[in-house]
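The values are calculated or read from the model by the stated rules, or taken from the named source; none is laboratory data. In this text the structure is predicted, and so the values were computed from the model without any measurement. All Cβ positions, glycine included, derive from the backbone under ideal geometry; neighbour counts span all protein chains shown.
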Amino acid sequence: MSFPAGITSPPPTVPNTLITFPAPQILLVTLNRPKQLNAIPTTSHPLFDALWRWYDGQPTLRCAILTGTGRAFCAGADLKQWNARNEQALSGLPPPPSDSNNGDAGASKMGVQSGFAGLSNRGGKKPVIAAVNGLCLGGGMEVVLNCDVILAAEDARFGLPEVKRGVIALAGALPRLVRTVGKQRAAEMALLGRHYTAAEMERWGVVNKD
């Protein structure tokens with residue numbers, strides 16, 4: 001891979017993630033697990049954290065864009081990993097140390113304080129734009145709520161379905177959602193777990209433009 005002038009070091013590698021530079025000052029990060037709806041395994045959160053820290057430290061990069069391939073932006077945590085972990089817990093065996101938590105269940109349990117995909121609780125100094133296509137659920141929704149700008153395709157669908165799995169979104173989304181859409185609408189999203197269109201999210205002030 002060739003890098004734009006001014007890049008001081010290669011970007012950290014994240015599995016199933018494409019890192020490109022559509023313009024010299026722009027970093028494009030594309031989630032690339034289309035068959036898994038771009039679900040993110042727990043082990044990738046520290047790697048994303050390193051990537052966003054690298055971005056903040058590059059003097060020539062001014063903006064980053066996050067998007068996904070296929071029919072989803074990001075469907076949240078990797079459910080196969082989730083189910084395997086639960087089965088292991090039921091068997092009485094402890095989970096591996098690097099995989100002892102639910103990827104959607106709290107930034108402090110992801111190995112990094114920056115949260116899901118290194119973004120849901122990120123406090124970086126440079127802007128990140130979410131370009132949302134298709135499904136944006138669970139951890140994916142938590143990520144976009146901490147992005148600086150959210151652009152959505154007409155087919156984008158947003159939601160926090162954790163309640164349907166008996167868990168709750170604890171990677172940073174709920175306080176931001178309350179501030180953005182109000183307590184009642186935030187409660188509706190968290191308690192019903194349904195999908196919302198890009199147009200609905202634009203009306204509620206979550207999406208900048210659909």
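Some values worked out for this structure:
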| item | result |
| --- | --- |
| Test: residue in the range 77-96 that is surrounded by fewer than 24 Cβ atoms within 10 Å (Cβ to Cβ), among the hydroxyl-bearing types (Ser, Thr, Tyr) and either modelled with pLDDT under 65 or under 15 Å from the mean Cα position of the chain (by Cα) (or both) | no |
| Any hit, the range 132-143, residues being part of a helix (DSSP H, G or I), surrounded by 24 or more Cβ atoms within 10 Å (Cβ to Cβ), among the hydrophobic types (A, V, I, L, M, F, W, C) and in contact with a strand residue (DSSP E or B) (Cβ under 9 Å, 6 or more places away or on another chain) | yes |
| Residues located in the range 1-47, provided they are among the hydroxyl-bearing types (Ser, Thr, Tyr), out of contact with any strand residue (DSSP E or B) (no Cβ under 9 Å at 6 or more places or on another chain) and more than 15 Å from Phe116 (Cβ to Cβ) | Thr8, Ser9 |
| Any pair with Cβ under 8 angstrom, 6 or more apart, that starts in the range 173-184 at a residue that is polar (S, T, N, Q) and ends at one that is loosely packed, with under 15 Cβ neighbours inside 10 Å | Thr180/Gly205 |
| Breaking point among (1) of a type in the set (D, E, K, R); (2) at pLDDT below 95; (3) more than 18 Å from Gly76 (Cβ to Cβ); (4) in a helix (DSSP H, G or I), for Glu200 | (2) |
| Residue, surrounded by the most Cβ atoms within 10 Å (Cβ to Cβ), within the range 63-76, restricted to residues that are within 12 Å of the chain's Cα centre (by Cα) and in a loop (DSSP other than H, G, I, E, B) | Gly76 |
| Hits in the range 163-178 - residues which are under 15 Å from Asn121 (Cα atoms) and either part of a helix (DSSP H, G or I) or over 17 Å from the mean Cα position of the chain (by Cα) (or both) | Ala173, Leu174, Pro175, Arg176, Leu177 |
| Top-ranked residue of the range 179-199 - restricted to ones that are surrounded by 16 or more Cβ atoms within 10 Å (Cβ to Cβ) and among the β-branched types (Val, Ile, Thr), ranked as farthest from Leu137 (Cα to Cα) | Val181 |
| Any chance Thr60 is part of a loop (DSSP other than H, G, I, E, B) and at pLDDT 95 or above | yes |
| Gly134 being touching a helix residue (DSSP H, G or I) at 6+ places or on another chain (Cβ under 8 Å) and either touching a residue at least 12 places away in the same chain (Cβ under 8 Å) or small (Gly, Ala, Ser) (or both) | no |
| Residue list for the range 23-47, filter: touching a residue at least 40 places away in the same chain (Cβ under 8 Å) and either out of contact with any Pro (no Cβ under 7 Å at 6 or more places or on another chain) or exposed (fewer than 14 other Cβ atoms within 10 Å of the Cβ) (or both) | Leu31, Gln36, Leu37, Asn38, Ala39, Ile40, Pro41, Thr42, Thr43, His45, Pro46 |
